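I have placed the structure first, in the form of structure tokens, so that the comments after it can refer back to it.
The values are calculated or read from the model by the stated rules, or taken from the named source; none is laboratory data. Bear in mind that the values here come from a model prediction, so they are computed numbers and not experimental data. Please note: Cβ atoms are built from the backbone with ideal geometry, for glycine as well, and neighbour counts cover all protein chains shown.
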Amino acid sequence: MDKFNDIARKYRQATWRTQLQWLALILLGVVIVAVVASVYLNVTARASAAGQEIMNLQNDIESTTRDNNMLKAQLAQKKSYAVMRQRAEDLGYEPAGPDDVVYVVVPGYVEETDPFVTTIDEPPPASIILPEYKETLFDWLSRYIQSSVTDEGVLP
């Protein structure tokens, strides 16, 4: 047994080595936690920056849309009948009367007509729906019953 104790004592590590190994394991754990925390903070910071950038871009879009609508409203106001008439009068224009209009006949000119615009003189187009498609189920059933009664005298 003494031999065993001698061998165990010889191969047993010193106390300071065991403590150093435990300290190294704890420091390794702390370093791993610090690396994971720094990666997490980096990703969170990037996501926050991207979110802030998106909010800024949305605010820019809203501002530009608001400015565009304001410009459209100003354009509509400036193109209104009353403003255009006043501007024309300020420039010296007068409304044209029947005697002021000159019609010029151009030989060979054929006026194009819109195929979708009809005049009052034209009759409405004939229906292109076949009569078979206008018949209701009740109409068909009553016609079928009447034809069966008249052909055979009784219902089938």
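So the values come out like this:
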item	result
Among (1) modelled with pLDDT under 95; (2) of a type in the set (A, V, I, L, M); (3) part of a helix (DSSP H, G or I), the one test that Met70 misses	(1)
First in region 79-107 and outside any loop (DSSP other than H, G, I, E, B) and of a type in the set (A, V, I, L, M, F, W, C), second anywhere and surrounded by 10 or more Cβ atoms within 10 Å (Cβ to Cβ) and modelled with pLDDT of 90 or more, Cβ under 9 Å, 6 or more apart	Val83/Gln77; Met84/Lys78
Test: Ser148 is at pLDDT below 85 and outside any helix (DSSP H, G or I)	no
Hey, Met55 assigned to a helix (DSSP H, G or I), among the hydrophobic types (A, V, I, L, M, F, W, C) and modelled with pLDDT of 95 or more or not	yes
From Ala8, Ala14, Ala50, Ala88, residue being at pLDDT 95 or above and either more than 38 Å from the chain's Cα centre (by Cα) or of a type outside the set (Lys, Arg) (or both)	Ala50
